[in-house]
Every structure is written in structure tokens, then in C-alpha cells.
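Here the structure is laid out as C-alpha cells; the discussion comes afterwards.
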Amino acid sequence: MHRIRVYQGDITQLAVDAIVNAANSALNGGGGVDGAIHRAAGPQLMEACLTLNGCPTGQVKMTHGFELPARYVLHAVGPIWQGGDHGEADLLASCYRNAMTMAAAEQFQSIAFPAISCGVYRFPPDQAVDIAVRETVKALASNENLEDVVFCCFDEAMAERYRQKLHVPQGGSEGEGSA
Ligand code: APR
């Protein structure tokens, strides 16, 4: 049975088939979750990323996880929020869709997403959570293999947004989604 859950903490600690990175289009590292993933994966991750010729916004490219507990990293490039009339919602949806398509192609059983674009890229969090949940639920309907989809949030406020959207009891650190 498919499970969607909310986890508050550091995505680099998760032993899943793939963690998703909130990368930039040069795939050359940065701060936030991107910086944390590169630090935890070790220098081979940067070497691998720099062979990929960047990644357009809304798209996803895959590398190994190297020293991470996760086997793979799916580098997704979210949109920079520019007021909402520059296709930001579609581009963010495309990140989740493409990551879920890749997970299906690779027959992954587990995947963890950070809140793509919700940090430095300033996407409004409520709208981002709606998009993240909508696209993953839609993709799960046609994926028999994926058993564990984790929305990994660094901070409590963001975790609570996902819990509300997924109808997980308030304050629960983890739980089943019913969206
Ligand atoms: N684990 C899980 N979530 C994290 C972690 C972590 N270790 N570190 C930060 N986050 C959360 C932030 O709290 C935020 O909610 O990830 C979300 C995304 O924030 P950013 O990392 O700033 O990503 P984004 O807004 O997509 O901006 C991408 O930031 O570092 C650069 O190279 C990156 O240029 C790109 C930009």
C-alpha cells in the first residue's frame, strides 16, 4: 500500500532509494538543502553534478548518493518566485512530476522530497505544499512500486502545513497521509 508521510528533520539522514535535492540550474551546489546534501554526500557528488551540463528549471537529473544513506539523489531545479505570473506553479509541479516519473522508471520503493523552492527561491509555502501533494498523489495512482513518499521538512511550521494538507493528526512527527 502506498504511504505518504511527513518527517521533520534533515533529509540527508534518510535511508531511502532517492532523496530529491532543491538544486540550481548550474547544479553547482549552494546553501540550504543543496549545501547540506553536498556536504553529507562528499566531494564525489559535485564531480558527478558537474558532468551533467546543468539542468533547466522544472527538470530533474539523477546522480548516485555517494556517502549519503540514500542510494540516489534526484536534483530538481525549482522556480524562483517572481510574483506568480512567470509560470512558477507549473514549473514547480513539473519538478514533482519529473521526480515521480524518474522514481517509477527506476522502480524506487522510497523517495524523500524537501520543500522545493520554499527557501531561498521564496515560493509561497501553502501553494507549494498544495502542488507537492497534488502531483505526488496523482503520480502514485499509477505507480505500484513506490511504497514510501516522505515530505521532509526542516522546520516545524512547514511540516505542519503538510500534515494539514495530508490530514495527519496535528503535532504528529510522522504519519500516514490520506490526501
Ligand atoms: N533537510 C530538509 N530540508 C531542508 C534542509 C535539510 N537539510 N535544509 C534546508 N531545508 C529546507 C528549507 O527549510 C526550505 O523549506 O528546504 C527548503 C528549500 O529551501 P532551499 O534549500 O533554500 O531551496 P530553494 O528555495 O529551492 O532554493 C534553491 O538555494 O542553495 C541554493 O543551490 C540552491 O540556488 C539553489 C537555491
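Restricting the stretch 125-154 to residues that are within 15 Å of the chain's Cα centre (by Cα) and acidic (Asp, Glu), the residue that is nearest to residue 110 (Cα to Cα) is 148.
Entry remark, the stretch 119-130: residues being assigned to a helix (DSSP H, G or I) and within 13 Å of the ligand (Cβ to nearest atom) number 4 in total.
All of (1) β-branched (Val, Ile, Thr); (2) out of contact with any strand residue (DSSP E or B) (no Cβ under 6 Å at 6 or more places or on another chain); (3) more than 10 Å from the ligand (Cβ to nearest atom); (4) under 24 Å from residue 46 (Cα atoms) hold for residue 137 with one exception: (4). What do you reckon, is residue 129 modelled with pLDDT of 95 or more, under 23 Å from residue 45 (Cα atoms), out of contact with any Pro (no Cβ under 9 Å at 6 or more places or on another chain) and aliphatic (A, V, I, L, M)? So residue 129 fails the test.
For the stretch 142-179, a residue qualifies if it is at pLDDT 70 or above, of a type in the set (A, V, I, L, M) and either more than 16 Å from the ligand (Cβ to nearest atom) or buried (at least 19 other Cβ atoms within 10 Å of the Cβ) (or both), and the qualifying residues are 146, 149, 150, 158, 159, 166, 168.
The number of residues in the stretch 10-48 being touching a residue at least 40 places away in the same chain (Cβ under 8 Å), touching a helix residue (DSSP H, G or I) at 6+ places or on another chain (Cβ under 9 Å) and either of a type in the set (Asp, Glu) or more than 6 Å from the ligand (Cβ to nearest atom) (or both) comes to 8. Does residue 111 qualify as being assigned to a loop (DSSP other than H, G, I, E, B) and either of a type outside the set (Phe, Trp, Tyr) or away from the ligand (no atom under 12 Å from the Cβ) (or both)? No, not satisfied.
Take residue 84 and tell me if it is touching a strand residue (DSSP E or B) at 6+ places or on another chain (Cβ under 8 Å) and small (Gly, Ala, Ser). Judged against the criteria, residue 84 is not a match.
The values are calculated or read from the model by the stated rules, or taken from the named source; none is laboratory data. Given the structure is predicted, the values throughout are model-derived calculations rather than measurements. Every residue, glycine as well, gets a Cβ built from its backbone with ideal geometry; the counts of neighbours run over all protein chains shown.
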